Structures are given as C-alpha cells and as structure tokens.
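The values are calculated or read from the model by the stated rules, or taken from the named source; none is laboratory data. Note that the structure is predicted; figures quoted are calculated from it, not measured. Virtual Cβ from ideal backbone geometry, glycine too; neighbours counted across all protein chains shown. Heads up: the accessible areas ignore ligands, DNA and RNA and are worked out on the full protein's heavy atoms, side chains in. Shrake-Rupley method; radii C 1.70, N 1.55, O 1.52, S 1.80 Å.
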Amino acid sequence: MPGIIERFNAPHHNTQIAYASEEVRLLCFVFRCHLKGICYLYAEEKGKPDSKGPGTGSKFKAFRLPITKQLQKALKDLEAALRLSSESPPSQTSEALDNVLEALYLPNNTLDLFQDRYADPVAIFTTLRAIHKDGGFNAPELLTCLAVRIQFCIRLFILDFLNRGYTRFKKACQDNNREESDADTGGQKDLGLSDEDAGSLSNRSPCGSDLEGSIKGRRPKGSFDHDDVKNNEEEDSELEKEDASSMRGYCEDENSSESDYLDEEDSDGDLTKVVSEDDDDDDDDKDTKPVEEANLDVAEDMEILLLTKGLKSTGQTWAKYVESIIREWCSELKPTPFGTIREWIRSLSRVVRNTPARANILWLSDSKKGDAVRVWNHTVYIDSYLAAVQKTLEECLTHLQEKVFLGLDVVLAGLPAEDLQDEHTKGFSLFPLDLEADITQANEFLNRLCMATQIGLCQKDEETGDVVWNVTLLQTWLQDISRTWSSVYVLMHLLSPPARGTEEEMWQHSNSPESPRHLFYSQNLQTLVTKSNYNKTSSTASIYKAIIRVIPYKLALILATLLQIVRPVELAAVLQFQSGSPERALEVASLYQTRLFVSSGQTWTAEGMSQALHSWFKEKLEVPFSLRYHRQFAKALQRKYFSFQQNQVNSESAELAWAANSAFGHNEETGEMHYARLRGSLGVPQSVQEKYEMVGVKWIEWHGLQPSP
C-alpha cells in the first residue's frame, strides 16, 4: 500500500514496480489463455441451454476464460505484433498493448456484467490471485493490496486514454478553426454583431465530440447583447422579416451541420445573412408572415442567444466528455471492471479495519533480569534496552569529538535564548546556513582544521586562500559525520513517542516554499522540540495534527553543534567534490539549508531511517527491529509504563477550565489559540503543548536522561 507521502507525490520506485508488475501479470494471464486456446466468446455461449457460466461448460471441464470479440481481436493483433516485433516498429506493439488494455478495462459487454460479473477477465484474475496455494483464500489483509494495484492500473490507463483523446480533439479543433475563421468573421460583421460578440463567437468551439479525428465543424450559435436588440415598431416590416430569418439561422439546434447554414451573397458579393434549410423552404410564407409574429420570433431567438452566451467553448465540450468517461468507467456501483474491484476493496477494507491485528506482545518477568517484553518471537529485556540507550548517547558525543572534530578542542554550540516561532519567512531557521554570511564558529573550526597539519584533512592555499582537501581522508570524515547523524536520529526516535518514517524524512530545520520548519525551541523546557503537521489520515479526514516531540537537552546540544558548526564545513567540502553541475550544486545547497537529515549531499529516506534503527537494535540488543517492529515495542512500553489514566482531580480541573472559558464567551480551544498567548509558544493550543511536553518529559526521564538543563 502506498504511504501518505505518495498521495501527493509520485509513488516511490518500489511502489511503481509493484503496480506495474501486477498489470504485467494480468496481461500474461490473459495472453497465455489466448495462446493455449482456452478462451471463449461469452456472448455466444451464455444463451446456450447447456452453458454453465464462465469457466465451465458441458464439453469443457477445465477452466476457460470468457472474452469479448473486442478483446479477441486485440489479442490476435498483439500476437501478430509480437511475432513480427523484430520487423515492426515499437509503436505498433505499444498500440496493440493499448488495445488489449482498453478491451480489458473498458469492455463493450457491460450489459452482461449486470448479470454476471465474472464475464470479466479482470474480475477472474483478481479472484484467482486471492486463492491460497493450499486451497481456500488468503487473509483479507493480504488481498486488499492486490486489488488496489489493479485499481491503480485502471485509473492510470484511463488517464492515458484521455490524454491521447485530448491530443486528437485539440488537433481537430485547431484544424476546424483555421478552415472556418475567415468565414465566421465575415458572417459576424455582416450581421451587425458588436466587437465583443464577434470575439465571443470566434472563440467558441466549432467541434463536436468525436475524438477519432472525424470531428465535423459547424457554425456556432451567435450571441447578442441587449443593446444590440432593436425592436422599433416603425421599422419596415421587410427588414424585420430579414432580421428574424437571419437570427433563426444562428439559433438552429446545436447538432446542425455546416450544410444547415447557407451563405447568400448580395449584388456586391458580401455575405449578408445566414439562413437554415427550414428558412429556405418557402419564401412566399415569409413574405406573408404578420409583423407581430415575426417580432415574437425575434424576441424568442434573442432570449435563446442571451442564455447561451458564454456557455459554448471547446473546453466545455471536452470537460463533458471527460466527466462522462470518468462517470462511466471510474465510478463505484457500475457494471465495469473498476466498479467490481472498488466494491471488493471496500468490503475487504471494512473486514480488515474491524478485525484486530494478531496478538504479538507478551510481557515476561524474570527475577534476575527484570521485566522483558516479547514482540513476535523476539525478546527485549527492559533494563538492557535502557542501558543501551544511555550508552549510545555517550558514544555519540565521544564519536563527535574524536571522529568529527578529530580531537580538536571544540566547544559545543549552544541553544538559542528565544524562538519567535516564525514559520512564514522563507529560509528562517534557528541555525541558519548562509554561505555568504560569516558563520563564526564554523569558520573557526575550518581554520583550525587547516592549521592542524598533523591531521592532514585540509589546508589553505597560500596564494588563492582556497581550501585544499585530502580526498581520501575527506571521504572517511564524511562517513564519520553520517554515522554521527545516524546516532542522533536513532536517539531522537527512541527518546520520544516514535514518529513514522514518512514523517521524519520530511523534517526541516528551516522554512522553505514547500513547508514550514519542524525544529523549534521550547521556552518551557529550554530544549529543542520537533513539531510535525502530519497525520496519516489527513488525505481522507482533512485534519492535520500538530505533534510535538521533546529532544533531551544533551542530545539537543549535539544536534545544534552538527547544524551550526559541522554542516557549513561539510557543505563546503561536498560542493567542491560532489556537486558536479551548477544545477546540482544549487540542489545540494538547498538540501543542506533546509532538510534536517542530510549526509554526503543526499537527503535521507524512510527506508534509510528504518535501516539505521534496524542496525542499532541488531548491534545493541540482537533483535531485528526496524521502524515497524519498534512501533509495536514502543506502544507496549507506553501502555505498561505511561497509561496516564485520568483521575477525579483532573476531571474536576477540566470542568472548571470549561466554566472559566465559557465565562469569557468562547470555548477552550478558541481561548488558547487567540487570547493571551505566551511569548515563544508553539502554534498549538497552550494546553495541547503542555500535554505533549509533559508526555515527552516523562518518556525521557523513564529512559534515565534529563529533558532540560
């Protein structure tokens, strides 16, 4: 199943492979049935007395695949194209594949699907994929992802189908516009239309809705303003008849073709009016028509013109076609392959949501080793886990001093005294990285590295003043920086209620056009915190939760040092050796200036974060916990040690808080969000921030560390 980030961006590479592979399986299944001759035309056999439905028959005991004549022809064309693939161009094979997919996803036997949904090869394939190898069906949680892949393939094909149709439709409209632009302009001027109305007419669609290139042009209906309507009773009756006749020529039904509009020329050869076939039938009847009746016809024609003005356009014609295609082939409760798959997905999802996950946690008690928890088949002793976390923090600080600072006596960076909570100014950060600014601590560190000849990592050229790096030692140094960041990430993940990988990979230390920053300073705790506007169900519930997680003070100092002292020097080295083109250099600089987790010119991904956590658990506790397993482990800890049950005192306090806010004429959330906000507060209600910070403090203290200085 795709992650939340994939709902707004292109799917990850692995997701693309999984979806494409499922469509390849479907094509191979259908094509194999065709080659083996086990397909039959459903429409020809469904009415026979001895027919027993798709897949069986009186003469056939083995499985057979029902297909349509449309699919049968497409499969034969694909077979011919593949046999001549060495001689025919790739476009021919691609077109044959498109025709097969169109016959599968947009079949012409939807009437049969009303009665039998298994008259559809897509439904049969999805059903066969659900069968367990030992008989019966797989569990519902294993089937939903398979159905979702096919659903995605259908959506993607229809998108491509519409794109190809749009190209043909636009070309046909452009061709018709070029052919009729001169005639349309002349006819509008001779009819006395205003410049605005003439422009409105010339921009309207002369096209029908045929997307195969056979779109026939027709003269569009005209439009008039009230100022153009002249109904003078003293005008000559013959002029009224002529006006009525010409307007009726423009008010014909929109299905009229070009032959319905006959251009007549006066003695000077100019177009004077446009009439329809109905107006051309009997000239004598027109001459004898009463003036009052002619005026009535003119008024009715004018009403029609006024009510259709601005409604006819090529975009509207195309939009109606797209809506029809989507409504027909991409909607639920329809006798289509997509409708069937969507119904199954909905049913399976309902079962999965209402079915509890398998029990995977077992608490154990050992008089010698203390509490232990078993997650699936892996046992973690709580005391060993706490000791490993505390030791990792000390090892991280030691590694920073020995491998990153290379033994130089560098003072750790301090935390800011205040955070103004600026989430709008682009580039704002608690630890800004401006290559043109004078970053004092980073410059001092780089100068000391250049002067430390015994280290040999870098030195300054006396003539140019440029920094010259030892490439071999530089690669090792960059790897040591990456290891430090890995330890920082693991500790941030362990020392707070864990975030999801798709959330953490988006964390930023500065505001960018894509997102506000996620790293803040808590005035209450005097340490750094992260604030994520992330929620797994935000795409469906339209609700974003601001989640605050506390970073222990000692770890916050290491994080600030990496951002303020190490990162500017690292970026200078990376830009010199790994940036490549100027465009790549700008991209790398933007990553370092924005993202929190970046190493060696690359931003971290959720997969890389999961691997870092897996390596830590494997090394320290000999259990293969990655992001998913650790989430189960952390939830078990929270339920046992941090239940936070509400007592009577808290209940009474909550009631008093409600009464106090009601006395001000607003609810609690309004009062906390908009009135008397403390300077330095995060962008959430004050009580919510306090609760998140309280949970964070308890979590850190339980791990044996200090949250604040």
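The largest accessible area among Arg584, Arg32, Arg168 belongs to the first residue in Arg32, Arg168, Arg584, and the rest follow in falling order (1.4 Å probe, all chains). Annotation for the stretch 390-438: trypsin sites (Lys or Arg not before Pro) lying in DSSP loop with at most 16 further Cβ atoms inside 10 Å of their Cβ are Lys426. The solvent-accessible area of Thr464, taken with every protein chain present and a 1.4 Å probe, is close to 90 Å².
Per-residue Karplus couplings for the stretch 160-177, computed as 6.51 cos²θ - 1.76 cosθ + 1.60 with θ equal to phi - 60°, are listed in order as 5, 4, 5, 4, 5, x, 5, 4, 5, 5, 5, 5, 5, 5, 5, 5, 5, 4 Hz, Gly and Pro entered as x. The stretch between Arg83 and His13, if pulled fully straight at 0.36 nm per residue, gains 22.1 nm over its current Cα-Cα span. Working from label points 7 Å from Cα in the Cα-to-Cβ sense, the Cys145 to Ser708 distance is 4.5 nm. Accessible surface ranking for Lys73, Lys170, 1.4 angstrom probe, highest first: Lys73, Lys170. Arg117 sits with roughly 80 Å² accessible to a 1.4 Å probe, with DNA, RNA and ligands left out of the calculation. The 1.4 Å probe gives accessible areas that order Ser486, Ser590, largest first, as Ser590, Ser486. Here the extension length gained between Lys76 and Glu402 equals 110.4 nm, from 0.36 nm per residue of separation less the Cα-Cα distance. Taking label points 7 Å from Cα along the Cα-to-Cβ direction, Arg628 and Leu41 give a separation of 4.8 nm. Given R0 = 25 Å, the distance between the Cβ atoms of Glu701 and Tyr381 translates into a calculated FRET efficiency of 0.80.
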